[in-house]
Amino acid sequence: MNNITTIKQRFIQEFGEAYIHYGLPKLMGRIVGLLLFSGKAISLDEITTELNVSKGPVSQIMNRLRDHNLIERVWIPGDRKDYYKPHDEIFGNAFRNQMLLQKKNLDLAHRYEEIIENIDSEEVHNFRKNIHEMKEFYQKMEITYENFLTEWLSRLKS
């Protein structure tokens, strides 16, 4: 596995498979993996050639990745093509995106806690207990995530 081409292909493939675990398209992970490996801005044509995929799906995924601040479009003087590179804060931004998903679970717990507040039945009693635990869990997670992100970003200032 010392061949750089093999390492590159394996990294791209494994990064794509990791994205599947987050419920995201494998191709999205492969694109990010390629950009991380490349270390330079690369064109849409280079991405499609390297990954052996058509332009349409790649173009759509590039828009999603840009919307989530994971990649940036780069202008190269004298060239009309679009070039892309990983966002300077790709990992922090990916973490923020995950935090937003967790916040939705906390919002859900808050909403249902209010909905069942004045209902008194055995069935709702058990649900209320679970919703309360859910709320506590995600509140604690939110604090932990915020502390981690603050610590992560502070490394840039030192």
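Pairs please, first residue from region 50-65 and more than 20 Å from residue 93 (Cα to Cα), second anywhere and among the β-branched types (Val, Ile, Thr) and not in a helix (DSSP H, G or I), Cβ atoms under 6 Å, 6+ apart in sequence or on different chains.
Cβ pairs passing all conditions: none.
Among the residues of region 100-156, write down those that are of a type in the set (S, T, N, Q), without any contact (Cβ under 8 Å) to a residue 24 or more places away in the chain and within 25 Å of residue 68 (Cα to Cα).
144, 147, 150, 154 - these are the residues of region 100-156 that are of a type in the set (S, T, N, Q), without any contact (Cβ under 8 Å) to a residue 24 or more places away in the chain and within 25 Å of residue 68 (Cα to Cα).
Of everything in region 73-86 that's touching a strand residue (DSSP E or B) at 6+ places or on another chain (Cβ under 9 Å) and basic (Lys, Arg), which residue is surrounded by the most Cβ atoms within 10 Å (Cβ to Cβ)?
Only one residue tops the list, namely 85.
Can you spot a residue in region 74-81 that is modelled with pLDDT under 95 and among the aliphatic types (A, V, I, L, M)?
Yes; the residues of region 74-81 include at least one that is modelled with pLDDT under 95 and among the aliphatic types (A, V, I, L, M).
From 106, 70, which residue is surrounded by 14 or more Cβ atoms within 10 Å (Cβ to Cβ) and under 27 Å from residue 48 (Cα atoms)?
After applying the criteria, what remains is 70.
Filter region 46-56 down to the residues that are surrounded by 15 or more Cβ atoms within 10 Å (Cβ to Cβ) and not acidic (Asp, Glu) and list them by number.
Selection gives 47, 48, 51, 53.
In this structure, is residue 24 surrounded by 12 or more Cβ atoms within 10 Å (Cβ to Cβ) and not in a helix (DSSP H, G or I)?
Yes, satisfied.
Being surrounded by 11 or more Cβ atoms within 10 Å (Cβ to Cβ) and modelled with pLDDT of 95 or more narrows it down to one of 91, 137, so name that one.
137
Taking region 56-81, which residues are charged (D, E, K, R) and over 22 Å from the mean Cα position of the chain (by Cα)?
Of everything in region 56-81, those that are charged (D, E, K, R) and over 22 Å from the mean Cα position of the chain (by Cα) turn out to be 79, 80, 81.
If residue 43 passes every condition in (1) touching a Phe, Trp or Tyr at 6+ places or on another chain (Cβ under 7 Å); (2) more than 30 Å from residue 146 (Cα to Cα); (3) loosely packed, with under 15 Cβ neighbours inside 10 Å but one, which one does it miss?
(3)
The values are calculated or read from the model by the stated rules, or taken from the named source; none is laboratory data. Since we're looking at a predicted model, the values are computed, not measured. Ideal geometry is used to build each Cβ from the backbone, glycine not excepted, and the neighbour counts take in all protein chains shown.
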